[in-house]
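Inspection log for the structure reproduced underneath, given as structure tokens.
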Amino acid sequence: MPTQTKRVRSRKKIEDDSLLAQEFERHRTLRIVAVISILAIATLILVGLFAPGLEYSLAPPPAVAVDAQTFLNELEPLVSSKITRNNQIAVIENGENFYEAELDAMRQARHSINIEAYIFHMGKVTDQVLDVLTDRARAGVHVNVVIDSLGSLSTRKRYFKPLKDAGGHVEWYHRLRLHNWFIVNNRTHREITIVDGSTAFVGGAGYADWWRFGTKGESRWRDTMVRVQGDAVRGLQGAFVENWLEASGEILDGANYFPELKPDPGSATALVVSSTPSSGGSTRSRVLFQALIAAARKSIYITTPYFLPDRSMRAELVRAKKRGVTVKVIVPGKHGDHAMTRSSGRNTYGDLLKAGADIYEYESSMIHAKITIIDGVWSVVGSTNLDNRSFGINDEINLAVFNSQVAMRLTQDFEDDACHSRRVLLADWEKRSPFERVLEWVGWVLERQQ
């Protein structure tokens, strides 16, 4: 009987295949549509992988110093942002410090807590965060959390049940659905926490144990967040509202989210640069970095976990070096969490090293800080990496701060990180093994998606 059943199934399969073949032979239009569909999908994939990015350059290059009011007036419209003054900016280094600051602010919330995160992974850190959020939601505080559905793929919906039961709201950004599969590659990479519309935290760190405790024998990651109080918080809140709308269909407004802020004695001038790719691929974050680097006259210090500068960015950094600017870059070393991205990034060192730039690979742990310091007066802290995804695919958020004290503090951190790094020498880079070069080539193939 089993053999006879198999024969019957086999005959049925042959008949089905034959019927399908007959339909294709009979319907010429069906064949044409099928071929066109396959070619269209293949073209989309190839364009995504290999299409060149935009060329960026400033014409003419900035003619004024970055600390001049004229430069500030030019930068404001270039990045479609608003100059805010009287901000207090506190630099908070590493998870043991910035998580405590964020949790303390949340515990004091009376009106609203908004969190947007690319990374929100289940663990001891997020257990603490959810306990506080749930407590505040029970007390009547409006709690809204939007999480990227790809970046936090391992986090299950049921994890948020206590928060939802207490009245909190959780949404997932760009879940894969039939109606949005064309934009599913666009992720929110923003990491923002805003409390009562008056205190915000922004930087490169999401919520996961590796920023606080480390994982699998690795030390906790090196990262930096900044606490913002003052007028710039409104811009950060506006960025959150934008993606909350996309995820939930709801516009947040009213005094719970946009209170009347009291005059703040802070002295920092800042611009919130909220970045989303345009249909042509341009982004405000890319314009911000290009403009600041092109205007630098003394120094450019960059710390980034994923260093894949495109051709325009590399050329701008080389031009800066040629006009006498000190250029220093810190990237991850052996503890980097993405081997392919690190290999691809190492492939781009050549032009910079030959121009005389200093590149350091951080040795103590994974370094995830995303900081750029220009001429000791401008600082950029946020979610943007110096790579193609941040500059042309993801939603990003950056705080550009015009304040020498903030820049000085971040420069001190940079110098300390450099002391825990290995400087890459041109002679060593040129002696890379054939295996390393093969990995770099493989990374180059997928560079547009990294």
Within the range 289-302, is there a residue that is open to solvent by 10 Å² or more (accessible area, probe 1.4 Å), of a type outside the set (Phe, Trp, Tyr), in contact with a strand residue (DSSP E or B) (Cβ under 8 Å, 6 or more places away or on another chain) and at negative phi?
yes
Exactly one condition in (1) under 24 Å from GLU218 (Cβ atoms); (2) within 20 Å of the chain's Cα centre (by Cα) is false for LYS334; which is it?
(2)
Checking SER282 against (1) assigned to a helix (DSSP H, G or I); (2) open to solvent by 20 Å² or more (accessible area, probe 1.4 Å): exactly one of these is not met. Which one?
(1)
Heads up, the strands (runs of 3 or more DSSP E) in the range 95-198 (entirely inside) with at least 2 residues that are open to solvent by 10 Å² or more (accessible area, probe 1.4 Å) are 169-173
Unique residue being under 23 Å from the mean Cα position of the chain (by Cα), closer than 27 Å to HIS174 by Cβ and in contact (Cβ under 8 Å) with a residue 60 or more places away in the chain when the list is SER80, SER57, SER112
SER80
May I ask you to verify whether TYR362 is crowded, with 18+ Cβ neighbours inside 10 Å, among the hydroxyl-bearing types (Ser, Thr, Tyr), over 27 Å from LEU72 (Cβ atoms) and at pLDDT 95 or above?
yes
Residue in the range 323-337 that is among the small types (Gly, Ala, Ser), surrounded by fewer than 24 Cβ atoms within 10 Å (Cβ to Cβ) and in contact with a helix residue (DSSP H, G or I) (Cβ under 7 Å, 6 or more places away or on another chain) present:
yes
What single numbered condition from (1) modelled with pLDDT of 65 or more; (2) over 30 Å from VAL226 (Cβ atoms); (3) open to solvent by 60 Å² or more (accessible area, probe 1.4 Å) fails to hold for LEU30?
(1)
Candidates ALA320, ALA369, ALA357 - the one that is closer than 15 Å to TYR301 by Cβ and either at pLDDT below 95 or within 17 Å of the chain's Cα centre (by Cα) (or both)
ALA369
Just a yes or no: is a residue in the range 165-179 closer than 23 Å to ARG212 by Cα and charged (D, E, K, R)?
no
Can you name the condition, by its number, that PHE258 falls short on among (1) in contact (Cβ under 8 Å) with a residue 40 or more places away in the chain; (2) over 19 Å from HIS111 (Cβ atoms); (3) open to solvent by 30 Å² or more (accessible area, probe 1.4 Å); (4) not β-branched (Val, Ile, Thr)?
(2)
What about VAL241, is it hydrophobic (A, V, I, L, M, F, W, C), at pLDDT 95 or above and open to solvent by 10 Å² or more (accessible area, probe 1.4 Å)?
yes
Looking at ARG432, ARG422 in this structure, which one is farther than 24 Å from LEU75 by Cβ, at pLDDT 95 or above and either open to solvent by 20 Å² or more (accessible area, probe 1.4 Å) or assigned to a helix (DSSP H, G or I) (or both)?
ARG422
Condition check for THR215: without any contact (Cβ under 8 Å) to a residue 24 or more places away in the chain and either of a type in the set (Ser, Thr, Tyr) or in contact with an Asp or Glu (Cβ under 6 Å, 6 or more places away or on another chain) (or both):
yes
Residue within the range 64-84 that is at pLDDT 75 or above, open to solvent by 70 Å² or more (accessible area, probe 1.4 Å) and more than 30 Å from LEU292 (Cβ to Cβ) present
no
When residues of the range 389-400 are limited to those that are hydrophobic (A, V, I, L, M, F, W, C) and not in a strand (DSSP E or B), the one surrounded by the most Cβ atoms within 10 Å (Cβ to Cβ)
PHE391
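The values are calculated or read from the model by the stated rules, or taken from the named source; none is laboratory data. These numbers were taken from a predicted model, which means no experiment stands behind them. Cβ: placed from backbone, ideal geometry, glycine included. Neighbour counts: every protein chain shown. We work out accessible area using only protein heavy atoms, side chains counted, and drop any ligands, DNA or RNA first. Shrake-Rupley method; radii C 1.70, N 1.55, O 1.52, S 1.80 Å.
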